[in-house]
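The values are calculated or read from the model by the stated rules, or taken from the named source; none is laboratory data. All values derive from a computational prediction rather than experimental measurement. Quick reminder, even Gly has a Cβ in these numbers, built from the backbone with ideal geometry, and neighbours come from all protein chains shown. Each accessible area value is taken on the protein alone, full model and side chains, heavy atoms only, with ligands, DNA and RNA left out. Shrake-Rupley method; radii C 1.70, N 1.55, O 1.52, S 1.80 Å.
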Amino acid sequence: PGFRNSVAAYTVSLLNPKVIADLQLHRHGLRIVERRAQNFLPAPDGRYLLTGDGRTHQSIAKFSERDALQIDEFNRELETIADVLRAFVLRAPPNIVEGFGLHAIREAINAAGTANILRRLTLESQRTLLDLFTRSAGDMLDDRFESDLVKALFGFDAIVGNYASPYAAGSAYVMLHHAFGEVNGRKGLWGHAIGGMGAITQAMAATARAHGAKIETDAGVREVVVENDRAIGVILDNGETVRASYIVSGVNPKLLYTRLITADALPKPFLDRITNWRNGSGTFRMNVALSALPSFKALPGPGDHLTAGIILAPSLGYMDRAWLDARQHGWSREPVVEVLIPSTLDNSLAPSGKHVASLFCQHVAPQLPGGRSWDDHRDEVADLMIATVDRYA
């Protein structure tokens, strides 16, 4: 009693500012506060990296003067490309259609408009963009930096929520994606919604209701009804049918197309592709109540570093081994763990003097090898995650 925490999503940055502005979420109670430090990476040898305003350059220079000189240029490159790609996420992607007609012409114009956005980039930036779309984060970071902790700082963004090695092709894009965000108009920062992540959806709900929307919860959807190649309604778990002019889905695409829409409503080639689409998560999420703040061996006692994203993954090699171990064993026995303690910035989440922490842990296999059940192993893995944090704090 008295402890509250966000069950899944746990930090704010990638909530698009246009969504916040259009829905006037701040007028409906949303308040986002910035972390006082951005990231804290303790190393097993007692050293640490601490990033944020006025901290990053000095902290990196303790490990490598060369990396300290490189970091600003690398961040500028990412930010230049992120600025251009931010425009992409607000566009409907071009839809590939068969035949030639009005719909095809409209999509061709959309594709041309999308491609035109890239003209804002210089030739060198376009080459970097191609690298970010195709190469591994590990290879790009090995090219740029020499310190393990500096590489780990960016490498974590390439694998967070991504069941992959930082040396997997395409992981560089995941790293870039995490540069898209901003908090309160400041790009590249991360923060916390006061009251927990649910404050975001509560503000969205308030906006919707103010515009006359009716919101029903505890109303699971069993099937999307399709007639004449159009979604025209849904059947709820209780058997009720709801019809509408438009059906909008925020459901995982594989779940939507393989479970909620009947196979005969979809073209077979598309159904085959979506059925074989790999999109399993490799994360293990924990929420813990704390009787006191942890004290890290590398930086003991309280401080701004406890408001940061605390990343326990000291090198790209460590992250790569964690992924390989999870694929063979079912979970990494030396896992990647990010610790956040939102109650350091939001005292509404825990009783006075106590705290809550979110542990975002990787890598674990979505399905365990050999047909084993997660129900039989989750306590064992939970103990491992706590023991991993205990090695550092």
message = Under a Cβ-only charge scheme (Lys and Arg +1, Asp and Glu -1), can you give me the dipole magnitude of the chain about the Cα centre, in debye to the nearest 20?
response = 720
query = Non-local amide H neighbours of V336 (under 5 Å, H modeled in plane, Pro and chain starts lacking H): which ones?
reply = Q362, H363
query = With springs only between Cα atoms under 10 Å, which of V248, V288, V160 fluctuates most in a Gaussian network model of the chain?
reply = V248
inquiry  = In whole Hz and in residue order, list the ³J(HN,Hα) couplings for segment 382-393 that follow from phi through the Karplus curve 6.51 cos²θ - 1.76 cosθ + 1.60, θ = phi - 60°; x for Gly and Pro.
reply    = 4, 4, 5, 5, 5, 4, 5, 5, 4, 5, 9, 9
inquiry  = Could you sort R86, R119 by their accessible area in this structure, using a 1.4 Å probe and putting the largest first?
reply    = R119, R86
ask   = In square angstrom, what is the accessible area per residue of segment 281-392 with a 1.4 angstrom probe?
value = 42
query = How large is the accessible surface per residue of segment 214-276, computed with a 1.4 Å probe and reported in Å² as a whole number?
reply = 77
ask   = Using 0.36 nm per residue, how much length does the chain from R222 to I247 gain when fully extended, once their Cα-Cα distance is taken away?
value = 7.6 nm
message = So, taking all protein chains as they sit and a 1.4 Å probe, how much accessible area belongs to T134, in Å² rounded to tens?
response = 80
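Within the chain, which is the longest segment containing none of the chymotrypsin sites (Phe, Trp or Tyr not before Pro) that sit in a DSSP loop and have at most 15 other Cβ atoms within 10 Å?
Working: sites that count: F3, F100, Y246, W277.
Answer - 101-245.
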Per-residue ³J(HN,Hα) for segment 211-225, Karplus 6.51 cos²θ - 1.76 cosθ + 1.60, θ = phi - 60°, Hz, x for Gly and Pro = 9, x, 6, 10, 10, 10, 10, 6, 10, x, 9, 8, 7, 8, 7
query = Using the alpha-carbon centroid of each, what span in Å lies between segment 116-138 and segment 298-335?
reply = 29
key: Solvent exposure, largest accessible area first (probe 1.4 Å, DNA, RNA and ligands not counted), of S352, S281, S358, S245   = S352, S245, S281, S358
Long-range amide H partners of V356 with built H, under 5 Å = L290, S343
query = What residue among L349, T56, Q202 has its Cα farthest toward the positive end of the dipole of the chain, where the charges are +1 on Lys, Arg and -1 on Asp, Glu, each on the Cβ?
reply = Q202
ask   = Hey, got a sec? Which GluC sites (Glu not before Pro) in segment 117-222 land in a DSSP loop and have at most 10 other Cβ atoms within 10 Å?
value = E216
message = Per residue of segment 99-112, what does 6.51 cos²θ - 1.76 cosθ + 1.60 with θ = phi - 60° give for ³J(HN,Hα)? Whole Hz please, x for Gly and Pro, Karplus curve as stated.
response = x, 10, x, 4, 5, 5, 5, 4, 6, 5, 5, 4, 4, 5
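Quick one: pull the percent of accessible area on the chain belonging to carbon and sulfur, 1.4 Å probe, ligands and nucleic acids left out. Intermediate results must be reported in sequence, preceding the final value.
Working: 11080 of 21050 Å².
The C+S portion of the solvent-accessible surface of the chain is 53 percent.
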remark   = Rounded to whole angstrom, the alpha-carbon centroid of segment 200-245 lies from that of segment 84-101 at a distance of 26
key: Reach of K254 by Cα under 29 Å, taken over lysines that are not fewer than 8 positions away in the same chain   = K18, K214, K268
inquiry  = Looking at the chain as a GNM with Cα springs under 10 Å, which of I200, I96, I81 has the largest mean-square fluctuation?
reply    = I96
Zone residues, segment 132-150, relative to L118, backbone N less than 13 Å from point 7 Å out along Cα-to-Cβ = 132-134
